[in-house]
Structures are given as structure tokens and as C-alpha cells.
Amino acid sequence: MMRSRHVVLAALLAAAAPAAAQQAALPEAMQGLWVAGECAAPETLLFATTRGWARLATGGEQRLWRIARTATVGGGFTLAVAEDEDQTRLLLRATPSGLELREPPEKLADTELPGDAPTTSFRRCAAIPAALSLLHGEGLSFLAALDGIEAACATGDAAVCLDSVWSWADVSGNGVLTAAEVSRLARGVAYAVMLSEGAEAEEIAAALGAGALGGVAIGWALIASFDYDGSASLSKTEVMQDRFPPPGLAGAVAAAPSLPAPAVSLASQLGALKGLFEELAPLLGLPGR
């Protein structure tokens, strides 16, 4: 069980530790949360960051893509190409009233874009329905931090990587993590795992809801494993002095200081996220995915 706790914590750090990928970034004006439909009754949410986007339909599959490359194409569109096997493409164009999206057909070459695929219009909203905010708010906060965590962990410096993760997890800002904060970090990673594989809204709601109490239990278990000063909280010093990275851990962290090869990006690290979720699942009382 002790090794399991080490693996869980290290996977939280390693899962977001890609190496430097080629330059790929969405323009800042296109980033953030967008709504298709009415603000009070959205049809779809789009959440875009520098290096990723998530499509969150009110009903149906929720999905996250990480960006391998971007380019400017005709009509003022930005082309974003995902890191997945299908090299999923998305066209985005800022407008005075919001954002336009097109999903070009697979057979249409980049040189022929934008083409005439249907356009979906998105807008900014001051607020979204409480049920959607409750379902996605915490997870989207983690996704918003993921680009920074990615860049920090790509340096190959375990302390820099840990600092980046810590800055998101430390909600109180007091420099240590409580059981509730560790639990929130675990839920954020689990949310990213589910979206990276594609999940129904109902699945996400069930998983995060059922895992709430179990996540707190995991938080306490991790603290008990590292809490050498008896403070009932977790400090970076305690984590680092426990021979970080933990001995015997396979994957990116165990390979430190080399970490992933330069050609490896976050998409290929999602296996670590999946592994983390599968390890968390039985402890949270959830079925493995």
C-alpha cells in the first residue's frame, strides 16, 4: 500500500510532464470558455487554452484534445491540429460577436481550407447554469493550469514541476496541501483522463460525485505517507525529501533527470493519467475505465 501511495502522488506529477513539443498555440483572443446557444441553456461549451480544447455538449460525449500544431489558413481562420491518432482538425475564427468554429472533413487537405463545412457560432457568457458550473468548473480550472504545468515539467527539473502543480493545488495559498486540496488535485486529473478518452456528461457527473468522499480518503492516506512533522498536511519539503521521484516508478518521473524524450508530448503521457485514474478508481469506489 505504501508503494501505491507513492505511485499515485508521483503519477499526479508525471502525468502532466511532457517534453517540449513543436510550437503550437491558439491566439489569446480565442482562449477561455465559449457557449453555443443561449447562456441560460447552452447547447455546447467550448473551453480553449493555449494548447488544447474541450468540447462539452450539454448532452452527449465530452472530449478533450491537445494541440500538436496550429496554422493560419484562408478566411482568417486558425487551424488547430490535435495530437490524437486521427489528427483531429478544428478551424476557429474570432468575430466581433464571438467565435466561429468549423470541423473540416477528413478528405479536405490543409491547403484547401477553410472549405464550406458548417459553422457553429459561440459567444462569451457572464455565467452558465449552476449544474454545468458544478460539473465542469473544477475540472476546467485544472485544464486551464495544464499548459503551465506542462511547460514547467518539460524542463526536467522535478522541483520546478512540483512547484507548478503545487501552485494550482494549494487553494489556501499557505504553502502546504490539506487532504481536501490533494483530493481536488486527484479529481482534476481524473476529469482530464475522462475527457481525453471521451466520456458522457452523465459518466463524469457520476464519477466525480461518487468519488468525492473517496478522494478525501486518498488525500488523508497520502498525507499520512509523507507527513513527517505531524502537521496533518503535506509540504513540498516532505515530498522532496522522501527520495522524489519514488524508487521503482516506471515512466517519465522514474527516468529523471532525462524525463520524456524531446519528441514526446502530453498526448503520449495520457497513459500515465489513465493509469492514475485506474489506480484511484477502486479506492474511490468507482469502476475502472
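The values are calculated or read from the model by the stated rules, or taken from the named source; none is laboratory data. From a predicted model like this one, the values you see are computed outputs, not experimental measurements. So basically every Cβ, Gly included, is an ideal-geometry build from the backbone, and we count neighbours across all protein chains shown. Note: accessible area is taken over every heavy atom of the protein model, side chains too, but ligands, DNA and RNA are not part of it. Shrake-Rupley method; radii C 1.70, N 1.55, O 1.52, S 1.80 Å.
Among (1) farther than 24 Å from Met194 by Cβ; (2) open to solvent by 60 Å² or more (accessible area, probe 1.4 Å), where does Glu138 come up short? (1) is the only condition that Glu138 fails.
Taking segment 91-110 as the range and being touching a Ser or Thr at 6+ places or on another chain (Cβ under 9 Å) and closer than 22 Å to Ser196 by Cβ as the test, the residues that pass are Leu91, Leu92, Leu101, Glu103. The residues listed here are Val182, Val171; of these, the one that is of a type in the set (Val, Ile, Thr) and either touching a Phe, Trp or Tyr at 6+ places or on another chain (Cβ under 7 Å) or part of a helix (DSSP H, G or I) (or both) is Val182.
Scanning segment 103-122 for residues that are open to solvent by 40 Å² or more (accessible area, probe 1.4 Å) and either among the aliphatic types (A, V, I, L, M) or within 20 Å of Thr49 (Cβ to Cβ) (or both) yields Glu103, Ala109, Thr120. For segment 56-80, which positions are free of Cβ contacts under 8 Å to residues at least 24 places away in the same chain and of a type in the set (Val, Ile, Thr)? The one that is free of Cβ contacts under 8 Å to residues at least 24 places away in the same chain and of a type in the set (Val, Ile, Thr): Thr72.
The test for being surrounded by fewer than 14 Cβ atoms within 10 Å (Cβ to Cβ) and closer than 24 Å to Met194 by Cβ does not hold for Leu146.
When the criteria are applied in full, Ala179 meets the requirement of being small (Gly, Ala, Ser), open to solvent by less than 20 Å² (accessible area, probe 1.4 Å), in contact with a helix residue (DSSP H, G or I) (Cβ under 9 Å, 6 or more places away or on another chain) and touching a residue at least 24 places away in the same chain (Cβ under 8 Å). Residue selection: Ala151 fails the criterion of being over 22 Å from Trp65 (Cα atoms) and either at pLDDT 80 or above or of a type in the set (Phe, Trp, Tyr) (or both).
Here segment 83-117 is the region considered, the condition is being closer than 15 Å to Leu26 by Cβ and assigned to a loop (DSSP other than H, G, I, E, B), and the residue that is nearest to the chain's Cα centre (by Cα) is Glu83. Within this structure, Ala126 passes the test of being in contact (Cβ under 8 Å) with a residue 60 or more places away in the chain and part of a loop (DSSP other than H, G, I, E, B).
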